[in-house]
Amino acid sequence: MNRLARSLKHMLELVENFEKRNVHIFSLDYEWERELLKEKQRVGLDIVKKGGQLGRPRKCGKKHEGMEHAIHLYKEGKRTINQICNITK
């Protein structure tokens, strides 16, 4: 659909003309939306390639201040993971 019309207004005019001539469009809307989604994905991946971050930020990682303590508690084997999470918040 993006190759057929470059703007929403132009696309609506085309659809109206098609309908006047009994030409029905079923899958074009889906295809157009799919192309827009692909373009957004490409832009996102380009940002990542330029040094951006892919996906949402981690809640905590190896640099989290309580991570070493949590690992130590886990290796002791005396507490559940839920207990460790509550201790190291």
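Some points to look at:
- Per-residue extension of 0.36 nm, minus the Cα-Cα distance of residue 69 and residue 86, leaves a gain of 4.9 nm for this segment.
- Dividing the C-alpha radius of gyration of region 8-49 by 2.2 N^0.38 Å, with N its residue count, gives 1.62.
- Using a Förster distance of 35 Å, the FRET efficiency for residue 9-residue 38 (Cβ separation, nearest 0.05): 0.95
- Think of region 8-49 as having a plus end and a minus end, set by charges on the Cβ of Lys, Arg, Asp and Glu; of 22, 37, 11, 37 sits farthest toward the positive end of this dipole.
Each reported figure results from applying straightforward, stated rules to the coordinates on display, with no laboratory input. Since the model is a prediction, treat every value here as computed from it, not as a measurement. Every residue, glycine as well, gets a Cβ built from its backbone with ideal geometry; the counts of neighbours run over all protein chains shown.
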